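Here's the structure we're looking at; comments come further down.
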Amino acid sequence: MYIKRALESQVEKFLFKGKILIIYGARQVGKTTLVKALLEKHGSSAGYYNCDLPEVRQILESKNPYLIKDYIGVKKLAVFDEAQQVREVGMSLKLLHDTFPQIQVIATGSSSLPNWKLFCPTDSSPG
């Protein structure tokens, strides 16, 4: 059973505002559950990509935004779960966002990832 949390409404406010969204935290706190609820609301225009899978990692590690776009197809919302598994994931997602700004990118991952600051050079927290 999924219980809607206040964070879901906060995340929804930031969708399609021209920014990559990053949801990170400790294991088992509900990051994947949260994004899957958002994906469900967006139906076929949204895609879920598990970065634990070698195929997903390989495509993102190519740093080729056109190859990544071919992989996600016509999706307008792309969630990359467990993004800390991808080497230099920040650059890959930045290139995708810069090349295809109409795609809303969400990355989730472990708070143990040392390079989340690459995504967040300034404080962009809501509030």
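The values are calculated or read from the model by the stated rules, or taken from the named source; none is laboratory data. Bear in mind the structure is a predicted one, so any value in this text is a computation, not a measurement. Note that we place each Cβ from the backbone using ideal geometry, even for glycine, and neighbour counts take in every protein chain shown.
The table that follows gives values for the structure above.
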{"quantity": "Pairs, first in contact (Cβ under 8 Å) with a residue 40 or more places away in the chain in region 80-96, second in a helix (DSSP H, G or I) and basic (Lys, Arg), C-beta under 8 Å, six or more apart", "calculated": "81/31"}
{"quantity": "From 107, 46, residue being within 11 Å of the chain's Cα centre (by Cα), of a type in the set (A, V, I, L, M) and either surrounded by 13 or more Cβ atoms within 10 Å (Cβ to Cβ) or at pLDDT below 95 (or both)", "calculated": "107"}
{"quantity": "Selection from region 86-101 of residues that are of a type outside the set (D, E, K, R) and either in a helix (DSSP H, G or I) or closer than 15 Å to residue 67 by Cα (or both)", "calculated": "89, 90, 91, 92, 93, 95, 96, 97, 99, 100"}
{"quantity": "Residue among 88, 82 that alone is on the phi > 0 side of the Ramachandran plot and surrounded by 20 or more Cβ atoms within 10 Å (Cβ to Cβ)", "calculated": "82"}
{"quantity": "Count of residues meeting criterion [more than 13 Å from the chain's Cα centre (by Cα) and within 16 Å of residue 52 (Cβ to Cβ)] in region 73-87", "calculated": "1"}
{"quantity": "Scope region 18-43; condition over 14 Å from the mean Cα position of the chain (by Cα) and exposed (fewer than 15 other Cβ atoms within 10 Å of the Cβ); matching residues", "calculated": "26, 27, 28, 29, 40, 41, 43"}
{"quantity": "Residue in region 75-87 that is basic (Lys, Arg) and in contact with an Asp or Glu (Cβ under 7 Å, 6 or more places away or on another chain) present", "calculated": "yes"}
{"quantity": "From the options 13, 75, residue that is among the basic types (Lys, Arg) and surrounded by 15 or more Cβ atoms within 10 Å (Cβ to Cβ)", "calculated": "75"}
